[in-house]
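Data first, discussion second: the structure below is written as structure tokens.
The values are calculated or read from the model by the stated rules, or taken from the named source; none is laboratory data. In this text, all values refer to a predicted model and were calculated from it rather than measured experimentally. When we count neighbours, we look across all protein chains shown, and the Cβ atoms used for this are built from the backbone with ideal geometry, even at glycine. The accessibility values were calculated without ligands, DNA or RNA, using every heavy atom of the protein model including side chains. Shrake-Rupley method; radii C 1.70, N 1.55, O 1.52, S 1.80 Å.
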Amino acid sequence: MGKSAGEQFGGESTKIVTNNARLNPWELALTVAQFFDFTGLFFGLASGGAFSYGVLTIKSESLRIIAGSFYDGGQQQVAELGQQKADFRYGAGFLVVSFSLQLLAKLEPVMPTTQLPNFWLSLLASASVVSIVVLACVPSWRRARSAAATDAAEMNR
């Protein structure tokens, strides 16, 4: 009978064991640090969305006005820039939370080693936390955008 590769080269026989049992994805677990890491990731995505919203919602007509007058006291420029400032403020807040959570996740050696019971439910909980926070911010975010437009209108009266 032939020798294994390990025995042929003077080493001990190594046996490769394969596990044919299928891994149940519902049995995966997240550490607390991984939960913070994923939550930070989702906040990062939310901040990217908030920053993008500010840029993507500028109307073509507004861009023409801004480009045509180049800040000669136009009401529309002030309103658009004020609304962008509100968007960027919320986006920056989400970004700070994102980076803070990712920092906590990187402190894994000093974090509790408790594992959350189910990977997929923990991932869903992480995304849900971010969704709830973002949705809770939407009314004040809209008020800030509206206030910027109102302030612009009052400045040019």
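What to note about this one:
- Pairs meeting the criteria (first residue in the stretch 80-108 and over 16 Å from TYR53 (Cβ atoms) and in contact (Cβ under 8 Å) with a residue 12 or more places away in the chain, second residue of a type in the set (D, E, K, R) and crowded, with 18+ Cβ neighbours inside 10 Å, beta carbons under 7 Å, at least 6 apart or on different chains) are GLN102/ASP37; ALA105/ASP37.
- Of the residues examined, LEU116 is not one that is closer than 14 Å to LEU41 by Cα and not aromatic (Phe, Trp, Tyr).
- Number of residues in the stretch 110-128 that are open to solvent by less than 50 Å² (accessible area, probe 1.4 Å), among the hydrophobic types (A, V, I, L, M, F, W, C) and assigned to a helix (DSSP H, G or I): the value is 4.
- Residue within the stretch 84-94 that is among the basic types (Lys, Arg), modelled with pLDDT under 85 and loosely packed, with under 10 Cβ neighbours inside 10 Å present: no
- Search result, residues across the stretch 63-80 that are at pLDDT 70 or above and either loosely packed, with under 15 Cβ neighbours inside 10 Å or not aliphatic (A, V, I, L, M) (or both): GLN76, GLN77, GLU80
- Residue match in the stretch 129-149 (condition: surrounded by 13 or more Cβ atoms within 10 Å (Cβ to Cβ), in contact with a Ser or Thr (Cβ under 8 Å, 6 or more places away or on another chain) and modelled with pLDDT of 85 or more): yes
- Criterion applied to LEU103, LEU107 was being open to solvent by 50 Å² or more (accessible area, probe 1.4 Å), within 15 Å of the chain's Cα centre (by Cα), closer than 19 Å to ALA33 by Cβ and at pLDDT below 85, and the one residue passing it is LEU103.
- Some residue of the stretch 26-33 being at pLDDT 80 or above, out of contact with any strand residue (DSSP E or B) (no Cβ under 6 Å at 6 or more places or on another chain) and either crowded, with 17+ Cβ neighbours inside 10 Å or under 29 Å from GLN84 (Cα atoms) (or both): yes
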